Amino acid sequence: MKQYMKLLSVLALGLAMGSCVDDAILPYSVEKPEDVAQYEYLKDYNVLKSYIDRSQHPNFKLGLAAAVSDFVKHGVVYETVTTNFDEMTAGNAMKYASIVGDDGTMNFSTVSSFVDEAKAAGITIYGHTLAWHAQQNLTYLNGLIADKEIEVNPSDKEEKQDAYVDYSTFTSYPFYVMGYEPVFENGCLVSRYPGEWYQYFVADQIPTTIGQTYKLTAYIKGSAPGTLNAQFGNWGALVDRPLSFNEDWQEVSVEFDNCQVESSFI
């Protein structure tokens with residue numbers, strides 16, 4: 001036990017002495033951790049907002065979104081924001097659910113503190129959404145309608161979007177093709193071979209419910225009026241419906257009832 005205690009004393013002395021000398025004379029080298037070394041190139045850059053040509057763009061503001069709780073701590077986030085940016089948007093602190101309590105009262109203390117801190121640092125604030133489909137205080141909102149009777153017609157249908165494909169985002173065709181490969185022009189999926197047979201998968205692996213009715217809506221036009229055969233389901237249970245179009249852009253819909261599979265293509 002005594003020997004163990006003496007060893008600790010020697011190590012402590014060595015550390016104390018080592019802290020007083022230049023590490024350049026140490027008889028060994030220590031490699032910089034990889035997670036630190038990979039960001040060494042950042043030293044070659046100035047703060048981000050310094051790269052804005054203020055003479056050409058005097059009203060341009062470089063901003064970011066950050067958590068208010070981190071910003072007001074005056075730590076790394078605060079230094080990052082105030083050093084590199086002109087403006088900040090609060091992550092969640094200015095949203096409805098962060099301000100409205102279960103009883104409907106509003107607490108702006110966090111927002112007020114954030115505004116004061118930003119002002120003092122010379123940072124402007126870009127406000128958040130006034131209304132949004134998410135992050136609501138459901139306890140309060142549901143309480144407002146708790147004693148209200150809502151009339152519902154059992155025969156009414158409620159539509160829910162299960163899949164959506166926007167071809168303007170494509171640079172190549174991602175689905176299976178039988179026949180001619182389609183091309184993309186001005187954000188549109190284009191077929192160049194009218195009158196000839198081919199088949200495009202325009203959506204795939206759509207989760208579906210057996211027995212449910214599904215509606216396909218396409219924004220489409222043709223070089224001449226015509227009809228194409230829309231198919232829904234999979235190779236074991238495929239349903240066909242005619243989809244007509246003309247020479248003008250329009251939304252055309254067709255329904256497939258009594259789905260028989262749990263994963264479908266169109």
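Selection of the range 102-136 for residues being touching a strand residue (DSSP E or B) at 6+ places or on another chain (Cβ under 7 Å), at pLDDT 90 or above and either under 30 Å from Phe60 (Cβ atoms) or surrounded by 11 or more Cβ atoms within 10 Å (Cβ to Cβ) (or both) yields Phe114, Val115, Ala118, Ile123, Thr124, Ile125, Tyr126. In this structure, Ser244 does satisfy being surrounded by 12 or more Cβ atoms within 10 Å (Cβ to Cβ) and out of contact with any Leu (no Cβ under 7 Å at 6 or more places or on another chain).
Taken as a whole, the structure leaves Tyr219 outside the set of residues that are aromatic (Phe, Trp, Tyr) and outside any strand (DSSP E or B).
Checked against (1) free of Cβ contacts under 8 Å to residues at least 12 places away in the same chain; (2) in a strand (DSSP E or B), Gly195 meets all criteria but (2).
Every listed requirement among (1) surrounded by 10 or more Cβ atoms within 10 Å (Cβ to Cβ); (2) at pLDDT below 85 is met by Lys2 save one, (1). Of all residues being of a type in the set (Asp, Glu) and not in a loop (DSSP other than H, G, I, E, B) in the range 101-119, which is nearest to Leu64 (Cα to Cα)? Just the residue, please. So, considering only residues that are of a type in the set (Asp, Glu) and not in a loop (DSSP other than H, G, I, E, B), the one nearest to Leu64 (Cα to Cα) is Glu117.
Of the numbered criteria (1) surrounded by 14 or more Cβ atoms within 10 Å (Cβ to Cβ); (2) within 30 Å of Tyr140 (Cα to Cα); (3) at pLDDT 95 or above, the one Ile99 fails is (3).
The residue pairs whose first member lies in the range 203-214 and is touching a residue at least 60 places away in the same chain (Cβ under 8 Å) and hydrophobic (A, V, I, L, M, F, W, C), whose second member is surrounded by 11 or more Cβ atoms within 10 Å (Cβ to Cβ) and outside any loop (DSSP other than H, G, I, E, B), and whose beta carbons are closer than 8 Å, counting only pairs six or more residues apart or on different chains, are Ala203/Phe265; Ile206/Ser263; Ile206/Ser264; Ile206/Phe265. State yes or no: is Leu238 in the same structural domain as Val183 (by TED's automatic domain parsing), touching a strand residue (DSSP E or B) at 6+ places or on another chain (Cβ under 8 Å) and buried (at least 16 other Cβ atoms within 10 Å of the Cβ)? Spelling it out, it is not the case that Leu238 is in the same structural domain as Val183 (by TED's automatic domain parsing), touching a strand residue (DSSP E or B) at 6+ places or on another chain (Cβ under 8 Å) and buried (at least 16 other Cβ atoms within 10 Å of the Cβ). The condition of being charged (D, E, K, R), without any contact (Cβ under 8 Å) to a residue 12 or more places away in the chain and within 26 Å of Met94 (Cα to Cα) holds for only one of Lys43, Lys61, Lys49, Lys73, that being Lys73. Considering the range 144-189, the residues that are in contact with a strand residue (DSSP E or B) (Cβ under 8 Å, 6 or more places away or on another chain) and of a type in the set (Asp, Glu) include one that is surrounded by the fewest Cβ atoms within 10 Å (Cβ to Cβ), namely Glu159. Of the residues making up the range 120-171, just one is in contact with a Ser or Thr (Cβ under 8 Å, 6 or more places away or on another chain) and assigned to a helix (DSSP H, G or I), namely Ala121. The one condition from (1) without any contact (Cβ under 8 Å) to a residue 24 or more places away in the chain; (2) part of a loop (DSSP other than H, G, I, E, B); (3) among the acidic types (Asp, Glu) that Asp240 does not meet is (2). State yes or no: is Thr217 polar (S, T, N, Q) and out of contact with any strand residue (DSSP E or B) (no Cβ under 9 Å at 6 or more places or on another chain)? When the stated conditions are applied, Thr217 does not pass them. Among residues of the range 105-126 that are in contact (Cβ under 8 Å) with a residue 60 or more places away in the chain, those with a beta-carbon under 9 Å from a residue that is of a type in the set (Ser, Thr, Tyr) and in a strand (DSSP E or B) at least six positions away or on a different chain give the pairs Tyr126/Thr89.
The values are calculated or read from the model by the stated rules, or taken from the named source; none is laboratory data. What you are looking at is a predicted structure, and each value in this text was computed from that prediction instead of being measured. Methodologically, a virtual Cβ is constructed for each residue, glycine included, from the backbone with ideal geometry; neighbour enumeration extends over all protein chains shown.
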